[in-house]
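First the structure, in the form of structure tokens, and then the observations on it.
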Amino acid sequence: MFFTTIIFGQTKVGGKVVDEYNEPIPFANVIFKDSKEGVITDENGNFYFESLQNYTHVIVSFIGFEKKEVLLKP
């Protein structure tokens, strides 16, 4: 589950990273596409971060899993 709010050149995004069995993935990387801004999910797979820049996608990655690009919805 991902959500975002884009207001006046800002991007805020949060959600939960889960596997195909809907189990949380702790310590996965979540970054804005084409940036160095990102976070690591907590022990329950949850994350939240924001940027002063305007982004449309995040990239989610974790060792042993395929990278996934996710479109952010306004």
Give the accessible surface of the chain per residue, rounded to a whole number of Å², with probe radius 1.4 Å and ligands, DNA and RNA excluded.
70
Mean Cβ-within-10 Å packing, highest first, puts peptides 40-49, 59-68, 18-27 in the order 40-49, 59-68, 18-27
Please list 3J(HN,Hα) in residue order for the stretch 46-54, calculated via the Karplus relation 6.51 cos²θ - 1.76 cosθ + 1.60 where θ = phi - 60°; whole Hz, with x for glycine and proline.
7, 8, 7, 7, 9, 9, 6, 7, 9
Other-chain or far-sequence residues with amide H under 5 Å of Glu37's (modelled H):
Phe32
Note the listed values (1) 57, 36, 26; (2) 45, 30, 23; (3) 36, 19, 18, then indicate which one is Cα extents along the principal axes in Å calculated from this particular structure.
(3)
Note down the nm distance, to one decimal, between modelled labels 7 Å out along Cα→Cβ at Glu50 and at Lys73.
2.2
Sorted by chain and number, the residues with a modelled amide H under 5 Å from that of Ala28, at a separation of 5 or more or across chains, are Thr41
Using only alpha carbon pairs under 8 Å that are at least six residues apart, calculate the relative contact order of the chain and give it in whole percent.
32
Taking 18 Å as the cut-off for C-alpha to C-alpha distance, list the pairs among Lys12/Lys67; Lys33/Lys68; Lys16/Lys36 that go past it.
Lys12/Lys67; Lys16/Lys36
Can you list residues whose amide H is under 5 Å from Leu72's amide H, if they're 5+ apart or on another chain and H is modeled 1.01 Å from N?
His57, Val58
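The values are calculated or read from the model by the stated rules, or taken from the named source; none is laboratory data. Here the structure is a predicted model, which means the values were calculated and not measured. Glycine gets a Cβ as well: all are built from the backbone with ideal geometry, and neighbour counts include every protein chain shown. Side chains are part of the model used for accessible areas, which takes the heavy atoms of the whole protein and leaves out ligands, DNA and RNA. Shrake-Rupley method; radii C 1.70, N 1.55, O 1.52, S 1.80 Å.
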